Amino acid sequence: MLSNVVDLSDVLSSMASDGHPVTPDLVARLSPYTREHIRRFGQYVLDMANPPDPLNPAPLPFELTL
């Protein structure tokens, strides 16, 4: 789920950079908790030799609405 939060944050920042409005209302409708296409009892492979990039938390680029 943490990976999903990072991915969503990156996409929202990219959307804002491309000129798309990113508002609190939009973000409130998103969820990092995936409920579809989950391998509930499946096999997950973790590549410990290829660690993820460090997290660089930043505020979401909300567009100011008046």
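The values are calculated or read from the model by the stated rules, or taken from the named source; none is laboratory data. What you see is a predicted model, and the numbers here were worked out from it, not measured in a lab. Using ideal geometry, Cβ is built from the backbone for each residue, glycine included, and neighbour counts are taken over all protein chains shown. The protein model used for the area step is the full one, side chains on, heavy atoms only, and it has no ligands, DNA or RNA in it. Shrake-Rupley method; radii C 1.70, N 1.55, O 1.52, S 1.80 Å.
Within the stretch 22-37, which residues are open to solvent by 100 Å² or more (accessible area, probe 1.4 Å) and more than 17 Å from residue 61 (Cα to Cα)?
Within the stretch 22-37, 33, 35, 36, 37 qualify.
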**Request:** Would you be able to say whether some residue in the stretch 44-56 is at pLDDT 75 or above, in contact with a helix residue (DSSP H, G or I) (Cβ under 8 Å, 6 or more places away or on another chain) and surrounded by 10 or more Cβ atoms within 10 Å (Cβ to Cβ)?
**Result:** yes
**Request:** Name the single residue, out of those in the stretch 5-21 being part of a loop (DSSP other than H, G, I, E, B) and not charged (D, E, K, R), that is nearest to residue 60 (Cα to Cα).
**Result:** 21
